[in-house]
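K.L.:
Just dropping this structure here.
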Amino acid sequence: MIVRSILVTALLFAAPSAASAQEKDDAIAPPVLHAQVTVESDVVRIGDMIDNAGTAAQIAIYRSPDLGTTGTLPTAQIINALQAHQVIGVDTRDIKSVSITRLARTIDSREIESAVAHAIEHRSGLGDAANLSLTFDRDVQDLRLDAWNNGDLQPVQERYEPRSGRFDVSFEIGNDINSTRTKLRFTGVAIEMLDAAVLTRDVGRGDMLKASDIVVERRPKAEVGNEATTRGHAVGMQMRRPIRAGQALRVADISKPDLVQRDDNVTLIYESAGIYLTVRGKAVDSGTEGDMVTVLNLQSKRTVSGTVIGRDQVSIAIAGPRLSAPDTTSSISAAETPVSLASRNTAQTSSKAE
């Protein structure tokens, strides 16, 4: 019991002594100046400038630099400001000046444009955000916000008027500090663009398009419409109508090249089971592959209709599974002697042709 009492008494006397020593250490720890300071608020406090500021730590002594910028202050000026608030004995560590940087969150203009485009894409017939060209009522520049605005750029209101192309989009940015959300609003005009095949020279009806005749340019969809053609599809095609240089091509402006030209000599081909006859003719119409054209048979002087199947070649359909003598007479008169005659059975074919 006596030993226990002695220990308790020793502890009681020792605890205050240890506490007093700690307080003494804290009391004599000198304030130490920082060479570089970063702040998030719009003011610089004593606690930002020095360590061991004690109860003066929250006192504001300077206005912060602009968002995202850095300023410098001479050490002598800082010491005077500290002494005005009874902060003395500062260890300057021979620092001549202190740099102060105000932290900020930067949202660049491209991010803003992308956010607006995604907010209104597919509204009232608009296409993908990547195809939208935006013109803002006020020039959009890189935006600097207080660093504590660490939330996403969330759209809270999106409006788009298809007739005028005008948009009105509002965003909010949250944070982890308070319930106040930063609000942003952007207005302007949105135009949907697309890649169009544009002529580099004036072209006329019937002209064939070469690779050098066409370039790809971004054009408003309203200018070209839903029938814009691509450069790859247009090269090698034939013009249906004359168009001036600088105009965008539509699907309706071009067609496959004519394999048969009006007034050109062509080959009429009569083909049926076991027989293949060719006759010289003159095209009355022009046409591309698959078109029905009228051809003058130069031997019989009769006009017939056939399908364009190749360059200067027109196929004449013959009804029935076989080409009999009466059918030949009605389709090919005696004056229509074939220029060339080919068959799997030459003797049989020759007999039928006569």
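Read-outs: derived from the displayed coordinates by stated rules, not from any lab. Values in this document were obtained by computation on a predicted structure and should not be read as measured data. For neighbour counting, all protein chains shown are included, and Cβ atoms are generated from backbone atoms with ideal geometry for every residue, glycine included.
K.L.:
Assuming 0.36 nm per residue, please report the length gained on full extension of the stretch ARG218 to SER305 beyond their Cα-Cα distance. Please report the intermediate quantities before stating the final value.
P.N.:
Details: separation 87, 0.36 × 87 = 31.32 nm, distance 4.40 nm.
Extra length available between ARG218 and SER305 comes to 26.9 nm.
K.L.:
List the residues whose amide H sits under 5 Å from the amide H of SER97, counting only those 5 or more places along or on another chain, with H placed 1.01 Å from N in the peptide plane.
P.N.:
Hits under the 5 Å cutoff: THR75.
K.L.:
With contacts defined as alpha carbon pairs under 8 Å and 6 or more residues apart, what's the relative contact order of the stretch 227-312 in percent? Before the final figure, lay out the partial values.
P.N.:
Details: 160 pairs, mean separation 19.4, N = 86.
Here the relative contact order equals 23 percent.
K.L.:
Compute the distance from the alpha-carbon center of the stretch 162-210 to that of the stretch 251-304, in whole Å.
P.N.:
Each part's Cα centre sits 50 Å from the other's.
K.L.:
Across the stretch 176-289, how many lysine pairs, 8 or more apart or on two chains, come within less than 25 Å at their alpha-carbon atoms? Don't skip to the answer; put the middle values down first.
P.N.:
Numbers: LYS210/LYS221; LYS210/LYS256; LYS221/LYS256; LYS256/LYS282.
For the stretch 176-289, the number of qualifying lysine pairs is 4.
K.L.:
A further question follows. Report, in debye and to the nearest 20, how large the dipole of the stretch 112-175 comes out about its Cα centre when Lys and Arg carry +1 and Asp and Glu carry -1 on their Cβ. Please report the intermediate quantities before stating the final value.
P.N.:
Details: 6 positive and 12 negative charges, 45 e Å.
With only Lys, Arg, Asp and Glu charged at Cβ, the dipole is about 220 debye.
K.L.:
Among the GluC sites (Glu not before Pro) in the stretch 197-251, which ones are in a DSSP loop with at most 11 other Cβ atoms within 10 Å of the Cβ? Mind listing them?
P.N.:
When the GluC sites (Glu not before Pro) of the stretch 197-251 are filtered for loop state and at most 11 Cβ neighbours within 10 Å, GLU227 remain.
K.L.:
Here's another thing I want to ask about it. Using R₀ = 41 Å, calculate the FRET efficiency as 1/(1 + (r/R₀)^6) where r is the Cβ-Cβ separation of ASP312 and ASP202; round to 0.05.
P.N.:
Working: r = 28 Å, r/R0 = 0.69.
The formula returns an efficiency of 0.90 here.
K.L.:
What FRET efficiency would be calculated for the residue pair ASN52, SER99, taking the C-beta separation as r and a Förster radius of 22 Å, to the nearest 0.05?
P.N.:
Values: r = 21 Å, r/R0 = 0.94.
Rounded to the nearest 0.05, the efficiency is 0.60.
K.L.:
Something else: Count charges around LEU209 for me, please; just the other residues with Cβ under 15 Å from its Cβ, Lys/Arg as +1, Asp/Glu as -1.
P.N.:
Details: positive: ARG201, ARG205, LYS210, ARG231, ARG240, ARG241, ARG244, ARG250, LYS256; negative: ASP202, ASP207, ASP213, ASP253, ASP258.
Taking every Cβ under 15 Å from that of LEU209, the sum is +4.
K.L.:
Suppose R0 equals 22 Å; then what is the FRET efficiency for VAL284 and ALA252 from their Cβ-Cβ distance, rounded to the nearest 0.05?
P.N.:
Working: r = 25 Å, r/R0 = 1.13.
So, using R0 = 22 Å, E works out to roughly 0.35.
K.L.:
Dipole magnitude of the stretch 180-297 about its Cα centre, charges +1 at Lys/Arg Cβ and -1 at Asp/Glu Cβ only, in debye to the nearest 20? Before the final figure, lay out the partial values.
P.N.:
On the way: 18 positive and 16 negative charges, 176 e Å.
With only Lys, Arg, Asp and Glu charged at Cβ, the dipole is about 840 debye.
K.L.:
Given labels modelled 7 Å from the Cα in the Cβ direction, how far is it in nm from VAL32 to ASN226?
P.N.:
7.3 nm
K.L.:
Placing +1 at every Lys and Arg Cβ and -1 at every Asp and Glu Cβ, with all other atoms neutral, what dipole size does the stretch 104-255 have around its Cα centre, in debye to the nearest 20? Walk me through the numbers before you get to the answer.
P.N.:
Working: 22 positive and 24 negative charges, 134 e Å.
Dipole of the stretch 104-255, to the nearest 20 debye: 640 debye.
K.L.:
Sticking with this structure for a sec: May I ask which residue of GLY188, GLY165, VAL235 lies farthest towards the positive end of the charge dipole of the stretch 104-255, with charges of +1 (Lys, Arg) and -1 (Asp, Glu) on Cβ and the Cα centre as origin?
P.N.:
VAL235
K.L.:
Here's another thing I want to ask about it. Pairs of alpha-carbon atoms within less than 8 angstrom and 6+ residues apart define the contacts here; what relative contact order does the stretch 104-255 have, in percent?
P.N.:
19 percent
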